[in-house]
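Participant: The following block contains the structure, expressed as C-alpha cells.
Please treat every number below as a calculation from the coordinates, not as lab data. Note that the structure is a prediction, hence the values are computed from the model and not measured. In this analysis, Cβ positions are derived from the backbone assuming ideal geometry, glycine residues included, and neighbour counts consider all displayed protein chains.
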Amino acid sequence: MRGTRTATVLLAAALLIGGVSGCSGLGGKSDGHTSGVRAANSVGLGKPSVETAGKVVVKGTFDSPLAAGAKVDIAINSLHVDGRLATLIAQFTPHVPNPSSSLSLFSLNGHNGIDPALIDPVNLKRYVVVKDSGGHELQTSEIFATLANEQPTQVFFTFAAPPENVKSVNVQLGTWPTFRAIPVER
C-alpha cells in the first residue's frame, strides 16, 4: 500500500513538472496552441476553452505602461456561472515594440497586479478572485504565465457567482478602462 501511494505521488509530481515546463509527457513538446489561441492557467500554460476560443463579447485596445508605444488588446470571451462559481475567460494580445524580456499580465500593467474584479450593479457588490484551501488565487498567474508578443493568450479568473437576478456585470482588469454590461451566462 505504501509503495502504491509513493508511486502515485511521484507520478503526480512528474505530471505537474511536465505541465509547467511545457512537456507533453509523450516525448514531444506542447506548444499550448489551439485554434490560434494560447491559454494560460495558474501555473503557466494550460488548455484553452474550445467554447470561448473564437467568441468575443467585447474587446478594446489600450495603452500599456510597460514601454513607450506599447499597447494591449483585451477581449472578454465569456463569464460563465457553474454552481456557486463564475469563470471569466479573457484574451490578452500584447503589442510591445522590441520587448526586452518576457511579457506577463503583471508587466503589461506597469509591474502591478491586475486585480480582476466583477462589479455587480444590481446588488452594489464587488467580487474578487476566490482562493483555494491553500490560499492560491484561482486565476491565470499574473507573473509566471508568459504572453507572446503579437499573439493572443487566453486567461481565466474565478469568482463567487453573482445571484441569479444579476444578468450582467462590469469587469475591471488592471489600470485599463472598465468593461461594462458583460452578460452572465448560466
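Participant: Starting from the amide H of Leu147, placed 1.01 Å from N in the peptide plane, find each other amide H under 5 Å away whose residue is 5 or more places distant or on another chain.
Facilitator: Hits under the 5 Å cutoff: Leu103, Ser104.
Participant: Right, something else. Order 175-184, 151-160 from most to least packed using the mean count of other Cβ atoms within 10 Å.
Facilitator: Values: 175-184: 15.4, 151-160: 21.4.
So the order, starting with the most tightly packed, is 151-160, 175-184.
Participant: Moving on. What are the ³J(HN,Hα) values, in whole Hz, obtained from phi via the Karplus relation 6.51 cos²θ - 1.76 cosθ + 1.60 with θ = phi - 60°, for each residue of the range 75-87 in sequence order, with x given for Gly and Pro?
Facilitator: 10, 9, 8, 6, 9, 10, 8, 9, x, 9, 10, 10, 10
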